[in-house]
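Here's the structure, in structure tokens; my notes come after.
The values are calculated or read from the model by the stated rules, or taken from the named source; none is laboratory data. Predicted, not measured: the structure shown is a model, and the values here were computed from it. In this analysis, Cβ positions are derived from the backbone assuming ideal geometry, glycine residues included, and neighbour counts consider all displayed protein chains. When the accessible area is computed, the model is the full protein with side chains, heavy atoms only, and any ligands, DNA or RNA have been set aside. Shrake-Rupley method; radii C 1.70, N 1.55, O 1.52, S 1.80 Å.
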Amino acid sequence: IFALLMINTLTVNTYFTITMLTGLKVRSGAAALIYQKALRLSGKGRQSFSSGQIVNMMSTDCSRLEMATSYLHYCWSGPFQIVVILVLLFKLLNWAAFVGLAILLIAIPVQSKTTALLSKYRKQTSTVTDKRVRLMQEIIQ
């Protein structure tokens, strides 16, 4: 068991190291693209996008892309793990294993509503952050 735990620790840490490095590359690339695009904006384009919005895109949105690379792997491995664990639980507990699956399926709508609510709050926070960054840019200039 100790050897299996050590192998698990090494593989998980290696996975997260690789995905974090990949996320850093994605974040750097996205920030560079946003910066290049900001330099090429016309006068009319600069009026529609404040410097605060551009800075917010470079920080917040690029950070989200970086975090997404770490967890994108779970889109395929999550359902796979659920199936494998359900099969093992079925062998151990028979039909009682499906109670856990039912609870998991019931939790999906609750999690969806919670995520929608958090997304709404995040959007409000982003608007406030844009205003704050715009104000700070005006103060600095």
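For segment 69-131, which whole-number percentage of the solvent-accessible area (1.4 Å probe, protein heavy atoms only) is attributable to carbon and sulfur atoms?
About 74 percent, which is the carbon plus sulfur part of the accessible surface.
Counting other C-beta atoms within 10 Å, and keeping those with at most 15, which DSSP coil chymotrypsin sites (Phe, Trp or Tyr not before Pro) do you find in segment 46-141?
Those that pass, being in a loop and sparsely packed, are PHE49.
Between segment 1-57 and segment 108-141, how many Å separate their Cα centres?
Cα centroid to Cα centroid, the span is 19 Å.
Can you give the FRET efficiency for VAL110 and GLN137, using 1/(1 + (r/R0)^6), R0 = 35 Å, r = Cβ-Cβ distance, to the nearest 0.05?
Between VAL110 and GLN137 the formula returns 0.30.
So, for the chain, what is the accessible surface per residue at a probe of 1.4 Å, expressed in square angstrom?
Value for the chain: 80 Å² per residue.
Answer rounded, prolate or oblate for segment 76-115, using the Cα gyration tensor with square roots of eigenvalues a ≥ b ≥ c: rounded when a/c is under 1.5, else prolate when a/b is larger than b/c, else oblate. Working shown, then result.
Working: a/c = 5.28, a/b = 1.64, b/c = 3.22.
Oblate, because a/c is 1.5 or more while a/b does not exceed b/c.
Kindly point out which whole DSSP H helices in the chain project their C-alpha atoms 24 angstrom or further along the helix axis while averaging a Kyte-Doolittle hydropathy of 0.5 or above.
Membrane-span-like by this rule: 2-39, 74-93.
Check cross-link reach from LYS113 to the lysines: straight Cα distance under 17 Å, and skip same-chain residues fewer than eight apart.
Cross-link targets: LYS123.
Which whole-number percent gives the relative contact order of the chain, counting Cα pairs below 8 Å spaced six or more residues apart?
Relative contact order, the chain: 34 percent.
If you take the square roots of the eigenvalues of the alpha-carbon gyration tensor of segment 1-125 and sort them as a ≥ b ≥ c, do you get rounded (a/c under 1.5), prolate (a/b over b/c) or oblate?
Details: a/c = 4.39, a/b = 1.87, b/c = 2.35.
Because a/c hits 1.5 or more and a/b fails to exceed b/c, segment 1-125 counts as oblate.
Got a number for carbon plus sulfur as a percent of segment 20-61's accessible area, 1.4 Å probe?
Carbon plus sulfur share of accessible area: 64 percent.
With runs of 4+ DSSP H residues as the only contributors, calculate the mean residue ellipticity of the chain at 222 nm using -39,500 (n - 2.57) per run, divided by the residue total and rounded to the nearest 500.
On the way: 6 runs with 124 residues, N = 141.
-30500 deg cm²/dmol, from helical runs alone.
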